[in-house]
Amino acid sequence: MAVSYSGNTEETLSSYVEAVENSCMIFSVSSGGLLEEFSPSLGLPHMRIPPGYAPRSAVPYLLFPMAAALVRLSIIDSYEDEALKEIGTLRNIRDENC
């Protein structure tokens with residue numbers, strides 16, 4: 001899982017390239033940037049999350065796609081109820097600060 005809010009974090013991009021070179025199963029999560037550019041051109045899945053947040057405020061948007069992947073891989077059972085609650089909280093915070 002390559003995760004970077006901007007999609008341009010140097011360490012994330014470096015790890016992503018290394019994973020691709022080693023034929024690892026990989027998907028990426030970002031609000032844009034190079035991760036979003038690279039993934040379709042390499043035929044790899046990418047989840048775009050909403051832009052416009054401070055990266056620290058976007059942590060739940062970064063974490064929930066990873067949780068969804070863990071559910072699909074049967075590593076955890078569920079995360080939906082908590083995710084919806086936290087996304088609502090984030091929207092309120094954003095609306096109050098913008």
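Just so it is clear, none of the values below were taken in a lab; they were calculated from the coordinates. Keep in mind that this is a model prediction, so the values were computed, not measured. Ideal geometry is used to build each Cβ from the backbone, glycine not excepted, and the neighbour counts take in all protein chains shown.
Which angle between 0 and 90 degrees, to the nearest 10, do you get for helix 33-42 versus the longest principal axis of the chain when only C-alpha atoms count?
50 degrees
Specify which labelled value, from (1) 20.1, 76; (2) 12.2, 36; (3) 14.1, 44, agrees with Rg and Dmax of the Cα atoms in Å derived from the coordinates of the model shown.
(3)
If we sort 19-32, 62-75, 2-15 on the protection proxy, mean other Cβ atoms within 10 Å, highest first, what's the order?
2-15, 19-32, 62-75
Could you give the angle, 0 to 90 degrees to the nearest 10, between helix 10-21's Cα long axis and the longest principal axis of the Cα atoms of the chain?
For helix 10-21, the angle is close to 40 degrees.
Using +1 on the beta carbon of Lys and Arg, -1 on that of Asp and Glu, and nothing else charged, what's the dipole of the range 1-69 about the Cα centre, debye to 20?
Using Cβ point charges on Lys, Arg, Asp and Glu, the range 1-69 gives about 300 debye.
Using Cα atoms only, what is the angle between the long axis of helix 80-97 and the major principal axis of the chain, expressed in degrees (0 to 90) to the nearest 10?
Taking the Cα atoms of the chain, the angle to 80-97 is about 70 degrees.
Pull up all non-local amide H partners of ILE49: gap of 5 or more, or a different chain, and H-to-H distance under 5 Å with H placed in the peptide plane.
It is SER30, SER31, GLY32, by chain and number.
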